[in-house]
Amino acid sequence: MQREYEQLRRRFPRFCGCDTCRGDVLVYALNRLSPHYVSTHQGEVLTELSLTSDQERAKLDVVLLEGLSKVGLAPRCGAKPVQVV
Ligand SMILES: [Zn+2]
């Protein structure tokens, strides 16, 4: 999942991409994919979430993209908001 994020991020250089924004995007995506995991073991799930099919990968790309867009428009870290996507 983090690898997917890095790949997407390279396509959108205007996105801040600091640790805070990165975490927000990953949590956003994870919330969309598996809401019940996030509230319990955030860090562990982020690395354990496995992509077992092309369909799941495609879905992950979509939610990561949404996350990049949302976080880019309102970064919590104080970076300038940008239209990322
Ligand atoms: Zn940031």
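The values are calculated or read from the model by the stated rules, or taken from the named source; none is laboratory data. Just so it is clear, the structure is predicted and the values come from calculations on it, not from any experiment. So basically every Cβ, Gly included, is an ideal-geometry build from the backbone, and we count neighbours across all protein chains shown.
A few comments on the model shown:
- Cβ-Cβ distances below 6 Å connect the following pairs, each with a first residue in the stretch 15-33 that is within 19 Å of residue 81 (Cβ to Cβ) and within 8 Å of the ligand (Cβ to nearest atom), a second residue that is of a type in the set (D, E, K, R) and assigned to a loop (DSSP other than H, G, I, E, B), and a separation of six or more residues or different chains: 20/76.
- Helices (runs of 4 or more DSSP H) enclosed by the stretch 1-63 - at least 1 residues per element that are loosely packed, with under 15 Cβ neighbours inside 10 Å, of a type in the set (Lys, Arg) and at pLDDT below 90: 2-11
- Output for the stretch 64-85, where each listed residue is under 15 Å from residue 11 (Cβ atoms), more than 10 Å from the ligand (Cβ to nearest atom) and part of a helix (DSSP H, G or I): 64, 65, 66, 67, 68, 69
- Where a residue in the stretch 56-85 is β-branched (Val, Ile, Thr) and its partner, wherever it lies, is exposed (fewer than 14 other Cβ atoms within 10 Å of the Cβ) and at pLDDT 90 or above, with Cβ under 7 Å and at least six apart: 82/14; 84/14
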